[in-house]
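> Below is one structure. I have some questions about it.
Taken together, the values in this text are just the output of simple stated rules run on the coordinates, not laboratory data. The shown structure was predicted, so the numbers you read here are calculated from the model rather than taken from an experiment. Virtual Cβ from ideal backbone geometry, glycine too; neighbours counted across all protein chains shown.
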């Protein structure tokens, strides 16, 4: 059974951000590498006032399950990371999914408030897992990328920018640990996404047929310098 990994955003314009005030459990820091969204050293909280959380298709009528937990052993010799585990099951929901997600704004009736991230270049993070990498915009698959090798750490990047008042371009990047990003492994360059809504959520997980989720994530940044220039 082939496992499919999914790195996705939901709607919007994620290249940029107004820096929110620190929460009581996590604080943003800015540097040449951008705004630190999460390094999980102090838990699941983020400077957006929201927490990383398990996301599955249960509210849509599906049967997939997901859990998240802070575990020892992070990227770049840090102490902690986020581990997401679960199972994707094809049931009554047409877009099965299980994973971890970060709402970038206040959640009301299960819907996050869109965030304007237009001052930054993109979102990047470290991930360890396996399966075929997919780039998605909510329930729409944009394209596929490399097959991730078990036990190998990768850097993933999501770059989304507005190309008109009513459309955006979304790109996905992957590189080995310590390597720069090259050309995107998938892009909507030939078919921009029609939307007027800013980004709402970052999601990392698995989809499609019955699959098992086991991925570790760390060092999430809203990037100002290390994403490719577009």
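> Find the Rg to Rh ratio for the range 27-127, where Rh is the Kirkwood radius over alpha-carbon pairs and Rg uses the same atoms.
1.00
> Next up: Bins of 10 Å, beginning at zero and ending with the bin holding the largest distance: percent of Cα pairs per bin for the range 111-165, please.
The distribution over the range 111-165 is 18, 43, 31, 8, 0, given as percents.
> I would also like to ask the following. Sort 94-104, 42-52 for me by packing, meaning the mean count of neighbouring Cβ atoms within 10 Å per residue, highest on top.
Highest mean packing first, the order is 94-104, 42-52.
> Follow-up question, since we're still on this one. If packing is taken as the average count of other Cβ atoms within 10 Å, what order do 62-74, 176-188 fall into, highest mean first?
Working: 62-74: 17.0, 176-188: 15.0.
Most protected by this proxy first, the peptides run 62-74, 176-188.
> Follow-up question, since we're still on this one. Taking the radius of gyration and the Kirkwood hydrodynamic radius from Cα positions alone, what is the Rg/Rh ratio for the range 85-208, to two decimal places?
Here Rg/Rh amounts to 0.95.
> Just rank 138, 93, fewest to most, by other beta-carbon atoms within 10 angstrom.
Exposure proxy ranking, most exposed first: 138, 93.
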